[in-house]
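The values are calculated or read from the model by the stated rules, or taken from the named source; none is laboratory data. Because the structure is a prediction, the values reported are computed rather than measured. Positions of Cβ are generated from backbone atoms using ideal geometry, with glycine treated the same way; all protein chains shown enter the neighbour counts. Calculation scope for accessible area: heavy atoms of the full protein, side chains included, ligands and nucleic acids excluded. Shrake-Rupley method; radii C 1.70, N 1.55, O 1.52, S 1.80 Å.
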Amino acid sequence: MADTADTERDLPLEFRSVPLGEIETARSRHMWTRSAVSVADSGDLVVTGQWDGTVTARDADSLETRWTVDHPDHAVGITSLSNDGEDGSDETVVVAGRGETGTIAAYDAETGDRRWRYDTVDDVGEAVKDTVFYLPYVVALETGTDADGTERLYAAARRYERDGDHRQWHSTVYAFDPDGSVRWTDETDASPIAIDLDADGERLAVGYNRCMGDHDTGLVVLEAESGDRLWSWDPGTEGDRRVGDVSFDGESIAVSSHGDKRGYLLGPGGAERWRVDLAVETEIDDETLYAYPNHVYTNDSRVAFVTGNTYAVESRETESRHPNEHRVAAFDADGDLIWDDEVRGFVHGLAADGGRLVAPCAQNFRVRDPDTHAVRWFDLESGASGCERLDGIATAAAVEEGTVAAIEEPVEYHDEGQTRGEYALRVGSLE
């Protein structure tokens, strides 16, 4: 990829801010997902999920609280369901959890009343060790409308355990009806990391990040109505690393590969249309370095990939940096590079709406430069559009109908001794 300069245009959104209380200060290394945010109700409602399970819905303009509830677990993912009935549109806020129960719960968007609850621990099993990494974890939520006009919820949950050298994952992919009843499940012994539904609501793509058991394929495409497996694909690499993210665009699926650090565009049945080197193994100063392609988003025959931290093959520690770490690169339908740019800090999750990308950028733990702390947004066609710098690190973001929301968390670098930023919701408008 081209070695472009930092083209941030520093077009501030004049973010409005609401404190979210106390949270353990982040350090140089990245912490587990502790916060979530979503923009619902056509951009009029912003919903936050906090590390202690507090879920709060606020008016997007005034930021006044509409309601607050306590979710059973750490609230790590939020989406919304909309169904049109005789009395008009009816919206539900759905929250994913990480904790003892791995709960998915649906709340009335107007009142916060809980409509239903499902505990994934009943399927993936209880934690065998009292640490965050071992807890049941709902890693992804996705919504879509079927041929009958009913919007359904899809989710993926997982749990990890280790006994000496033996490591194992337990996971379940779900389809829920609007009332919370389970339509179907698909269980494996691999670790799902991302799901995406095609625009017609007919196919669900599931990306598996770690495959160390009987399930040994990085991408599985399921029939959304029944959960039947339609086809699968794998980068064909050694080791248990497979896929980082998946994204539908018509008949195509874009895939970021952790196995070989490349990006792929696949056609029906998994036929490879093209692949590109993103952060493949590269020799620098007598070390072999790489970075994981963590995110992908495709829309209107454009595909954007986002890479993460630098690692060395011989050791996770290195003083050098891969030239394509922490970058976003966009390609056209033929796999030709349109533009690329720096995101500078680690992107926990990429937010997108149509041709717009929003990247919440946290710390670069090798460089530890506070200038990496920002919310950056990009046009899928033309590249960098703006940047809102933060004192703390941006760990979650959402965008809908021009409203962008982000979570800031405080950070203290181990070699600095200074706390930067606060635990807060930031909201602005891109219009």
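Before moving on, here are some points about what is shown:
- Distant alpha-carbon pairs in the chain (separation over 39 angstrom), percent: 12 percent
- Computed over neighbours whose Cβ is under 11 Å from that of Asp285, the net charge equals -3, Lys and Arg +1, Asp and Glu -1.
- For Ala194, the amide hydrogen comes within under 5 Å of the amide hydrogens of Gly207, counting only partners 5 or more places away or on other chains and with H modelled in the peptide plane.
- Short to long, the 5 Å bins of the Cα pair-distance histogram for the range 133-190 hold 4, 17, 24, 20, 13, 10, 6, 4, 2, 1 percent of all pairs.
- Computed on the Cα trace of the range 290-377, the radius of gyration divided by the Kirkwood hydrodynamic radius gives Rg/Rh = 0.99.
- The alpha-carbon positions of the range 204-251 define a convex hull whose volume is 80 Å³ per residue.
- P(r) of the range 206-351 over all Cα-Cα pairs, binned every 5 Å from zero, in whole percent: 2, 10, 19, 22, 20, 14, 8, 4, 1, 0, 0
- Remark on the range 57-214: ratio of C-alpha radius of gyration to 2.2 N^0.38 Å is 1.10.
- Prolate/oblate/rounded label for the range 49-100 (Cα gyration tensor, a/c 1.5): oblate
- Computed with every protein chain present, the accessible area of Trp169 is close to 10 Å² [probe 1.4 Å].
- Cα gyration tensor shape of the range 274-431, rounded if a/c is under 1.5, else prolate or oblate by comparing a/b with b/c: oblate
- Cα pair distances exceeding 17 angstrom across the range 25-67, given as percent: 41 percent
- Amide H to amide H distances under 5 Å link His258 with Arg242, Val243, Gly244, where only residues 5 or more positions off or on other chains count and H is placed in the peptide plane.
- Computed FRET value (nearest 0.05) for Glu187 with Ser315, which takes r as the C-beta separation and R₀ as 30 Å: 0.25
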